[in-house]
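Structure record follows, encoded as structure tokens.
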Amino acid sequence: MQPSARTPLFAVIAQFDVKPGKRDEFLAIARDDADHSVADEAGCLQFDICTSEDEPDLVTFYEVYQSRAAFDAHLDTPHLDRFRRAFPALIDKERRVRFLTCEHNHRKAENDQA
């Protein structure tokens, strides 16, 4: 298999320490942002909301964009604005956001997932 000459994808990892008892409310507003990001933004390829087995109030977003420019466009969307207005009251802390270059991306097509 030959290496791809495609431009590397851009990924973002954001983590939130959610206040006790506010997890379900936080997840609801996070789902709104994630669902609209994937549906409404051509450059948003993936937006996963992950929770931790050993830290139940830690929520991690893993977002993949076609480029840094696609992520920058995400910053000006109405769904992110809704999330930004709602989440501060639901968290104890927002951890440092990490920006990544995806040097290799290997995932199954949606129809191939079990």
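Count, please, the residues in segment 5-40 that happen to be in contact with a strand residue (DSSP E or B) (Cβ under 8 Å, 6 or more places away or on another chain), part of a loop (DSSP other than H, G, I, E, B) and more than 22 Å from residue 89 (Cβ to Cβ). Qualifying residue count for the region: 1. Condition test on residue 57, is it buried (at least 17 other Cβ atoms within 10 Å of the Cβ), over 15 Å from residue 80 (Cα atoms) and not β-branched (Val, Ile, Thr)? Criteria met by residue 57.
For beta carbons closer than 7 Å, sequence separation of 6+ or different chains, a first residue in segment 33-50 that is more than 14 Å from residue 83 (Cβ to Cβ) and a second that is outside any strand (DSSP E or B), the qualifying pairs are 43/66; 43/67; 43/70; 43/73; 45/66. Scanning segment 54-106 for residues that are farther than 25 Å from residue 21 by Cα and assigned to a helix (DSSP H, G or I) gives 68, 69, 70, 71, 72, 73, 74, 78.
Quick note: the coordinates plus some simple rules give every number you see, no bench work behind them. Predicted model, so just to flag it, every value in this text is computed and none were measured. In this analysis, Cβ positions are derived from the backbone assuming ideal geometry, glycine residues included, and neighbour counts consider all displayed protein chains.
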